[in-house]
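A short reminder: the numbers here are calculations on the coordinates, not readings from a lab. In this text the structure is predicted, and so the values were computed from the model without any measurement. Note: ideal-geometry Cβ built from the backbone for every residue, glycine included; neighbour counts use all protein chains shown.
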Amino acid sequence: MSTNPRNVALFIFLFLASALVTLTLRSSRWHSYVPGIPGSNGGGVQAPKVAFATFLGANTNPDKMATDAESEAAGDEDDGYYLATRVLAYQLMHSRSAGTNHSIPFIVVCTADVSKRKLARLKKDGAIIRVVERLEAHWLHPGAARWADMMAKLRMFEMTEWSKILYIDADHLVTAPLDGVFFDEAAQTQATGANGAQVAADEAPLPRTYMLAAHGDFFGYDHPWPPPTDSTYMNAGFFIFAPSRVLFDYYVSILHIEGRFDPGYMEQSLLNYAHRREGNMPWKPIWYGWNANWPTSKDWRGGARSFHSKYWDGDSSHDPLLKSLWMEQRAEMEGFYRGREAGHW
């Protein structure tokens with residue numbers, strides 16, 4: 001039986017037209033799609049504005065060289081936290097091996113006395129620099145000199161242009177994507193409780209809603225994997241939160257009540273008090289795989305995605321495998337920027 005040429009031509013035309021319409025629709029959807037961020041699919045649902053952030057203070061290394069010029073001449077090897085901030089920025093914004101969504105901004109929160117040269121380098125690396133004022137109280141006595149400015153981390157709660165921020169201490173190794181933490185079950189807005197017994201008259205009002213999620217402190221290398229999920233003490237080296245000026249004002253009111261919390265661990269102690277499990281704003285536990293403190297290769301083999309430790313220093317207790325991975329990330333970071341600045345990409 002012969003085939004009508006007109007029917008064949010009509011079929012081809014309809015096929016090509018359908019393909020063109022499909023391609024156009026997919027293209028328009030792609031331009032409004034943020035990889036790894038559900039809801040940004042061009043269907044009228046606005047993706048939340050999220051960011052990664054870390055803190056860099058001038059007092060994080062009491063043994064640093066006397067002048068910035070000396071530090072620069074020594075390759076900044078005296079300032080481990082600055083080097084770690086650069087490595088973290090690379091891991092979150094550029095590294096293919098870490099694999100995190102590179103469209104998510106990375107903020108470096110810092111005090112005004114941090115070297116302007118170092119901040120310029122971090123900005124060149126792609127970070128957003130946010131200089132903030134210190135938060136101080138006469139009765140605070142940090143447990144270690146390098147924690148002297150850590151209360152300034154709370155300034156992030158004033159950054160309400162962001163709907164969610166994942167805070168990560170600079171001393172971290174990242175080995176897998178962290179984007180999904182923004183949609184962790186625990187990282188959703190909660191209604192503030194109304195237990196009057198947990199309301200103190202000398203503290204500022206609580207917000208109507210809040211969101212703060214973290215994981216418990218492991219308190220040592222000898223911990224099981226998976227770790228227990230019933231901890232009542234959160235580690236403030238890795239937590240996700242929703243900025244809120246009302247919540248910030250509440251923190252500041254606590255800060256100025258002498259003895260309200262243990263000042264040894266500074267902002268970590270304040271957050272643990274403000275978000276105590278029995279209070280009206282208890283912190284929520286995130287999936288344990290997002291992060292491990294006191295990390296070992298057992299955590300890495302178990303599927304943890306980031307590891308909290310100072311791998312640049314000579315501490316012999318650090319896991320050698322994780323330390324080598326961080327060193328590789330540092331070398332990869334340095335090679336990446338050398339290549340980019342030489343015009344290779």
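Ranked for footprinting exposure by Cβ neighbours inside 10 Å, fewest first, Leu321, Leu119, Leu166 give Leu321, Leu119, Leu166. Here the Karplus curve 6.51 cos²θ - 1.76 cosθ + 1.60, taken at θ = phi - 60°, turns the phi angles of the range 165-173 into couplings of 10, 9, 8, 9, 4, 4, 7, 9, 9 Hz, with x standing for Gly and Pro. For the range 151-231, the list of GluC sites (Glu not before Pro) that fall in a loop by DSSP and count at most 13 other C-beta atoms within 10 angstrom reads Glu161, Glu185.
Applying a DSSP loop filter and a limit of 15 other Cβ atoms within 10 Å to the chymotrypsin sites (Phe, Trp or Tyr not before Pro) in the range 139-186 leaves Trp139.
Span-like helix criteria (full DSSP H runs; alpha carbon extent of at least 20 Å along the helix axis; mean Kyte-Doolittle hydropathy of at least 1.6) are satisfied in the chain by no helix.
Divide the volume of the convex hull around the Cα atoms of the range 166-306 by the residue count and you get 114 Å³ per residue.
Let a ≥ b ≥ c be the square roots of the eigenvalues of the Cα gyration tensor of the range 195-235; is it rounded (a/c under 1.5), or, if not, prolate (a/b larger than b/c) or oblate? Prolate shape, in that a/c is at least 1.5 and a/b is the bigger ratio. Computed from the alpha carbon atoms alone, the convex hull of the range 233-345 holds 183 Å³ per residue. Dividing the convex hull volume of the alpha carbon atoms of the range 43-119 by its residue count gives 109 Å³ per residue. Need one word for the range 132-204: rounded, prolate or oblate. Basis is the Cα gyration tensor (sqrt eigenvalues a ≥ b ≥ c); a/c below 1.5 gives rounded, then a/b vs b/c decides. Taking the square roots of the gyration eigenvalues as a ≥ b ≥ c, the range 132-204 is oblate. Under 25 Å of direct C-alpha separation, and excluding same-chain neighbours fewer than eight residues apart, Lys123 reaches these lysines: Lys49, Lys64, Lys153, Lys164, Lys310. Note on the chain: with a GNM built from Cα contacts shorter than 10 Å, the maximum mean-square fluctuation among Ala201, Ala236, Ala191 falls on Ala201. By DSSP, the beta bridges lying fully in the range 50-341 are antiparallel in about 40 percent of cases. For the residues Thr111, Thr67, Thr296, a GNM of the chain with alpha-carbon springs under 10 Å puts the largest fluctuation on Thr67. A cut-off under 11 angstrom between Cβ atoms defines the neighbours of Trp139, and their net charge, with Lys, Arg +1 and Asp, Glu -1, is -1.
With contacts taken as Cα pairs under 8 Å and at least 6 residues apart, the chain reaches a relative contact order of 17 percent. Comparing mean-square fluctuations of Gly237, Gly196, Gly99 from a GNM of the chain with C-alpha springs under 10 Å, the top value falls on Gly196. Using alpha carbons only, how many angstrom separate the centre of the range 196-265 from the centre of the range 114-174? Spelled out, the Cα-based centre of one part sits 17 Å from the other.
When Trp283, Trp294 are sorted by how many other C-beta atoms sit within 10 angstrom of their C-beta, beginning with the fewest, the order is Trp294, Trp283.
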